[in-house]
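*Asks:* Below you will find the structure I want to go over with you.
None of the figures in this text is laboratory data; all of them are computed from the coordinates on show. Only a predicted model underlies this, so the values are computations on that prediction, with no experimental measurement involved. Neighbour counts are summed over all protein chains in view; Cβ atoms, including those assigned to glycine, are modelled from backbone coordinates with ideal geometry.
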Amino acid sequence: MAIKTIDTADLAEKIGNLYEATVILSKRARQVATHTKAELDTKLSYFEDFGLEPTDEIRTNEDQLRVSLEYERRAKPTEVAIDEMMEDEIYYRNPGLEEG
């Protein structure tokens, strides 16, 4: 996987302030990570309740590994958040500005 550079001026231009853009991106990345973790935990919990023979357990471990590797290959939460911001897919608001 190659490192993708990001023009911080583009981020600042989208929001108006680079620091606000960073806060928005970090909050969105946290949301994506939490959702992905919950989804992975749900899929892996399927394998926990089996009382299996040792030979069946090997197959189950392979399935668990396959599911885990599928999630490892996904885009990282920060990358997802940046892509969403660049495509104007993130809704955000600043309550401090709305009051005034």
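*Asks:* Could you list log10 I(q)/I(0) for region 9-99 at q = 0.14, 0.15, 0.17 Å⁻¹, which the Debye formula gives when each Cα is one point scatterer?
*Replies:* -0.64, -0.68, -0.78
*Asks:* Ok, one more. With charges set only on the Cβ (+1 for Lys and Arg, -1 for Asp and Glu), what does the dipole of the chain come to about its Cα centre, in debye to the nearest 20? Intermediate results must be reported in sequence, preceding the final value.
*Replies:* On the way: 13 positive and 23 negative charges, 54 e Å.
Result for the chain is approximately 260 debye, rounded to the nearest 20.
*Asks:* Let me ask something else about it. If I model a spin label at Ser68 and Thr36 as a point 7 Å from the Cα along the Cα→Cβ vector, what separation in nanometres do I get?
*Replies:* 1.6
*Asks:* Return the lysines within reach of Lys14: Cα separation strictly under 17 angstrom, same-chain partners fewer than 8 residues apart disregarded; answer none if there are no such residues.
*Replies:* Of all the lysines, those that pass the test against Lys14 - Cα under 17 Å, at least 8 places apart if same chain - are Lys27.
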